[in-house]
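What follows is a set of notes on a single structure, which appears directly below.
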Amino acid sequence: MADKIKTTISHLNNCVDHEVTLSGWLYNSRSSGKLVFLILRDGTGLCQCIVEKEKMPEDVFDAVKHLGQESSLRVTGLCRAEPRSPGGHEIAVTSVDIVCPTNDYPITPKEHGVDFLMKNRHLHFRSQRQWAIGKVRHTVIDAIRRFFNDNDFTLIDTPIFTTIAGEGEQTLFEVDYFGRPLHLAQTGQLYLESAAMAFGKVYCFGPTFRAEKSKTRRHLTEFWMVEPEVAYTDLPGLLELGENFVSFIVQKVLEDNRAELEMLGADIAHLENIKAPFYRLTYTEVADILTSDRTVKFMADQLAAFNARKTEIEKQLADIDAQTKAGGMKKWKQEKNARLTIELRSELSELETKIENNPKHAQLAADFKWGKDLGGSDETIISLMHDKPVFITHYPKKAKAFYMKTDRSNDKVVENFDLIAPAGFGEMIGGSVREDDYDYLVERVKEEGYEPESYDWYLDLRKYGSVPHGGFGLGVERTVAWITGEKHIRQCIPFPRMMDKVYI
Ligand code: 4AD
Ligand code: MG
């Protein structure tokens with residue numbers, strides 16, 4: 001036999017029939033008489049390690065048997081292929097080196113509230129769900145860089161301390177910069193426009209900050225955004241770039257993280273369908289849909305489906321309750337029922353919220369007036385009506401940012417777009433063609449109540465070799481939430497910051 005191989009669980013397929021050493025943490029364990037089954041976690045996967053009493057000094061076997069969840073340890077043994085084991089391998093252990101025994105790990109398989117888990121975010125990371133989301137996020141970010149780097153874009157790092165507002169003054173975070181008020185970047189776009197005139201195709205990628213007063217599951221105050229900006233492009237060109245980009249990200253995650261997606265219960269068939277072209281609707285068409293009979297019926301059907309599912313869940317919970325009361329249940333069955341109960345109760349509470357919100361959202365849609373920005377619930381309705389992402393273009397000028405180009409064939413609207421993710425996840429991308437005419441832009445800056453002097457350098461770009469150009473921003477956390485099926489974006493960033501909560 002070859003020498004022991006120090007390896008990771010992800011590389012065990014190259015180590016079958018060799019003696020290996022794995023270094024990790026105890027995810028779970030059970031013992032039956034002369035055997036202990038350790039499920040080891042090493043950051044790359046899970047692996048079952050079987051410890052036999054006869055092969056160990058008695059004190060070591062005893063210590064292993066009583067090791068608590070998240071104890072750290074090194075395990076050496078023979079690697080065997082075992083299709084029934086998580087990850088497809090198991091280790092017949094020959095020695096165990098306990099690095100840090102642990103007995104009171106606070107996060108147990110029982111149900112914990114969100115606040116508790118968030119306060120323990122530094123530990124909660126180790127849970128399988130958080131781990132899988134972290135892996136998908138990694139791939140999304142890798143795919144973002146790869147896509148732009150392979151398509152002749154140049155990375156431009158834009159500043160975090162900024163002098164001008166990009167996305168409306170009401171969400172600016174002000175900082176005291178040696179006595180001068182500056183703000184944290186809401187977007188890198190305005191700086192990027194200057195870079196596009198130097199490099200042609202550019203992108204920036206970094207954290208952005210918004211003092212969002214909303215506590216929804218779609219809003220963070222600190223989130224990551226990637227923004228491409230292209231000289232000499234138009235609206236159709238930007239939509240094509242956006243759909244190719246999003247399709248590329250999704251395909252890359254499907255390639256690299258299928259196991260994680262399965263673990264998360266993501267809708268893989270839906271993701272496989274995410275290929276260009278996406279749907280295209282104008283804002284005006286969306287306004288017509290929202291106020292149409294189609295939406296009335298759609299909302300009524302949704303409500304009926306929610307109620308039917310609610311009845312089904314209540315029956316399942318009652319069945320479990322009856323089984324528990326009858327007694328005599330095997331331990332494994334009790335545990336299975338306990339897990340199922342947690343899942344069903346959480347689905348039930350979500351359904352109750354949806355049932356409560358349905359009539360309000362139906363009313364908002366019915367009352368929708370041309371000229372308003374689309375609300376979260378309006379986006380959700382459109383998104384639920386489609387099986388692929390939807391571009392919504394040509395919003396009313398009044399509802400949108402000052403830099404968006406006025407449509408010369410209808411000056412009430414701008415040449416912009418949002419990309420709405422399917423399945424109710426809402427806006428994932430916002431973008432536009434930029435106003436490239438000096439006079440139009442000065443007018444818009446004034447209308448917004450900004451001082452044109454503060455925008456001097458930005459206006460210069462319209463004086464010196466102005467060209468049609470545009471770009472967009474994609475929010476990383478919203479993209480990860482959509483791909484993984486995670487409902488709240490706070491789970492899609494390592495250390496979330498929200499309006500009402502900064503935990504650790
Ligand atoms: O639509 P937004 O505000 O667009 C811009 O910032 C433009 N300057 C982008 C550009 O054209 N270069 O934001 C873009 C995306 C949204 O579609 C969303 O995915 C994400 O950024 N986003 C947020 N994500 C999490 N929390 C928030 N508070 C977010 N606000 C925007
Ligand atoms: Mg937007």
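The values are calculated or read from the model by the stated rules, or taken from the named source; none is laboratory data. What you see is a predicted model; the values in this text were computed from it and never measured. A quick note on method: Cβ atoms are made from the backbone with ideal geometry, for glycine too, and the neighbour counts reach across all protein chains shown. The protein model used for the area step is the full one, side chains on, heavy atoms only, and it has no ligands, DNA or RNA in it. Shrake-Rupley method; radii C 1.70, N 1.55, O 1.52, S 1.80 Å.
Take the residues in the range 402-417 that are open to solvent by 10 Å² or more (accessible area, probe 1.4 Å) and not hydroxyl-bearing (Ser, Thr, Tyr); name whichever of them is nearest to ligand 2 (Cβ to nearest atom). Among residues in the range 402-417 that are open to solvent by 10 Å² or more (accessible area, probe 1.4 Å) and not hydroxyl-bearing (Ser, Thr, Tyr), the one nearest to ligand 2 (Cβ to nearest atom) is MET404.
Filtering the range 145-163 to residues that are more than 12 Å from CYS204 (Cα to Cα) and among the acidic types (Asp, Glu) leaves ASP150, ASP152. In the range 135-152, of all residues being loosely packed, with under 14 Cβ neighbours inside 10 Å and free of Cβ contacts under 8 Å to residues at least 40 places away in the same chain, the one that is farthest from PRO228 (Cα to Cα) corresponds to ASP150. From the residues in the range 60-85 that are of a type in the set (Asp, Glu) and farther than 19 Å from LEU12 by Cβ, which one is surrounded by the most Cβ atoms within 10 Å (Cβ to Cβ)? Within the range 60-85, the match that is surrounded by the most Cβ atoms within 10 Å (Cβ to Cβ) is GLU70. If you take the residues in the range 86-112 that are open to solvent by 50 Å² or more (accessible area, probe 1.4 Å) and acidic (Asp, Glu), which one is farthest from GLU54 (Cα to Cα)? Only one residue fits best here, namely GLU111. On inspection, THR393 fails the criterion of being touching a residue at least 12 places away in the same chain (Cβ under 8 Å), more than 15 Å from ligand 2 (Cβ to nearest atom) and open to solvent by less than 20 Å² (accessible area, probe 1.4 Å). No other residue among ASP378, ASP387 is farther than 21 Å from HIS219 by Cα and either more than 10 Å from ligand 2 (Cβ to nearest atom) or open to solvent by 20 Å² or more (accessible area, probe 1.4 Å) (or both) apart from ASP387. Listed here are the strands (runs of 3 or more DSSP E) enclosed by the range 87-194 that have at least 3 residues being within 30 Å of LYS65 (Cβ to Cβ), within 16 Å of ligand 1 (Cβ to nearest atom) and at pLDDT 95 or above, and there are none. Taking the criterion of being of a type in the set (Lys, Arg) and at pLDDT 95 or above, the residues of the range 437-464 that qualify are ARG462, LYS463. Pairs meeting the criteria (first residue in the range 91-113 and free of Cβ contacts under 8 Å to residues at least 40 places away in the same chain, second residue open to solvent by 80 Å² or more (accessible area, probe 1.4 Å) and not in a loop (DSSP other than H, G, I, E, B), beta carbons under 6 Å, at least 6 apart or on different chains) are ASP97/ARG74.
Only one of the numbered conditions (1) open to solvent by 20 Å² or more (accessible area, probe 1.4 Å); (2) within 15 Å of ligand 2 (Cβ to nearest atom); (3) modelled with pLDDT of 95 or more is violated by ALA399, and that is (3). Has the range 302-315 got any residue that is open to solvent by 50 Å² or more (accessible area, probe 1.4 Å), more than 27 Å from the chain's Cα centre (by Cα) and either more than 29 Å from THR216 (Cβ to Cβ) or in the same structural domain as ILE420 (by TED's automatic domain parsing) (or both)? For the range 302-315, residues open to solvent by 50 Å² or more (accessible area, probe 1.4 Å), more than 27 Å from the chain's Cα centre (by Cα) and either more than 29 Å from THR216 (Cβ to Cβ) or in the same structural domain as ILE420 (by TED's automatic domain parsing) (or both): present. When every residue of the range 433-443 is checked against the conditions, at least one turns out to be within 16 Å of ligand 2 (Cβ to nearest atom), assigned by TED's automatic domain parsing to the domain that holds VAL246 and open to solvent by less than 10 Å² (accessible area, probe 1.4 Å). For beta carbons closer than 8 Å, sequence separation of 6+ or different chains, a first residue in the range 336-357 that is among the basic types (Lys, Arg) and a second that is modelled with pLDDT under 90, the qualifying pairs are ARG339/PRO109. Somewhere in the range 219-235, is a residue within 16 Å of ligand 2 (Cβ to nearest atom), of a type outside the set (S, T, N, Q), more than 15 Å from ILE156 (Cα to Cα) and at pLDDT below 95? Within the range 219-235 (the criterion being within 16 Å of ligand 2 (Cβ to nearest atom), of a type outside the set (S, T, N, Q), more than 15 Å from ILE156 (Cα to Cα) and at pLDDT below 95), the answer is yes, since at least one residue qualifies.
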